[in-house]
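The block underneath contains the structure these notes are about, expressed in structure tokens.
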Amino acid sequence: MYPLLCFAPDVLHVRPWPDEVLDKYGVDPRSSYVEDFWLGILGPSTVWLLRRFAAGFDYSPEGFDLDLAETAKSIGLSDKSNRHSPFLRAVNRTLQFGMAQLLGADELLVRRRLPQLSRRHVRRLSPALQERHAAWVAEQLLAASPAQPCAALAAPAGPALAVSNASHMDA
């Protein structure tokens, strides 16, 4: 199990979590892929938070300090920092799904790009979304050329292809 935040500091020091494969082949948290497929798995607050992290890296690629009360309010959540607050649950979901990693009480390593859904997560989608996901994967395979392999080609075969070792089960 991942370590989780039980209380929130005033500021989190957010740093990039490098991953060669995801940094090259993963999907941007602001992409339609994340909105179409990850949203129902992670939840809207967690997706908004991941988008905020991505925007922060656009301005400060080496990392930045995140004012938690301000960020919570800006995505429409209470700024209470107790363990059961919606904002702290969103932060903890980034940890539980392997999108971030806690280093100490106030530092967070965050992936700049997200993996494709694992097979387990694809099975949680509605049948219509499962079909759309399979079509998206097929489109990625067709778009790949031998000189430019896509992430889907490097992953195990199947309707849902995970990219790199970034599944929620990895630490």
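The values are calculated or read from the model by the stated rules, or taken from the named source; none is laboratory data. Predicted, not measured: the structure shown is a model, and the values here were computed from it. When we count neighbours, we look across all protein chains shown, and the Cβ atoms used for this are built from the backbone with ideal geometry, even at glycine.
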Across the range 1-20, the tally of residues that are touching a helix residue (DSSP H, G or I) at 6+ places or on another chain (Cβ under 7 Å) and modelled with pLDDT of 95 or more stands at 2
Given the criterion out of contact with any strand residue (DSSP E or B) (no Cβ under 8 Å at 6 or more places or on another chain), at pLDDT 95 or above and outside the structural domain of Tyr33 (by TED's automatic domain parsing), identify the matching residue among Ala138, Ala160, Ala134. Ala134
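Given the criteria basic (Lys, Arg) and modelled with pLDDT under 90, does Arg83 qualify? First the steps, then the outcome.
Numbers: basic (Lys, Arg): yes; modelled with pLDDT under 90: yes.
Answer is yes for this residue.
Quick one: would you say Phe64 is at pLDDT 95 or above, crowded, with 20+ Cβ neighbours inside 10 Å and more than 11 Å from the chain's Cα centre (by Cα)? Spell out how you get there, then give the answer.
Values: at pLDDT 95 or above: yes; crowded, with 20+ Cβ neighbours inside 10 Å: no; more than 11 Å from the chain's Cα centre (by Cα): yes.
When the stated conditions are applied, Phe64 does not pass them.
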Restricting the search to the range 107-148, which residues are over 20 Å from the mean Cα position of the chain (by Cα), assigned to a loop (DSSP other than H, G, I, E, B) and aliphatic (A, V, I, L, M)? Ala144, Ala147
Residues of the range 67-106 classified as in a loop (DSSP other than H, G, I, E, B), without any contact (Cβ under 8 Å) to a residue 40 or more places away in the chain and exposed (fewer than 13 other Cβ atoms within 10 Å of the Cβ), total: 3
Scan of the range 11-61 for residues that are within 14 Å of the chain's Cα centre (by Cα), hydroxyl-bearing (Ser, Thr, Tyr) and either assigned to a loop (DSSP other than H, G, I, E, B) or surrounded by 15 or more Cβ atoms within 10 Å (Cβ to Cβ) (or both), ordered by number: Tyr25, Ser31, Tyr33, Ser45, Thr46
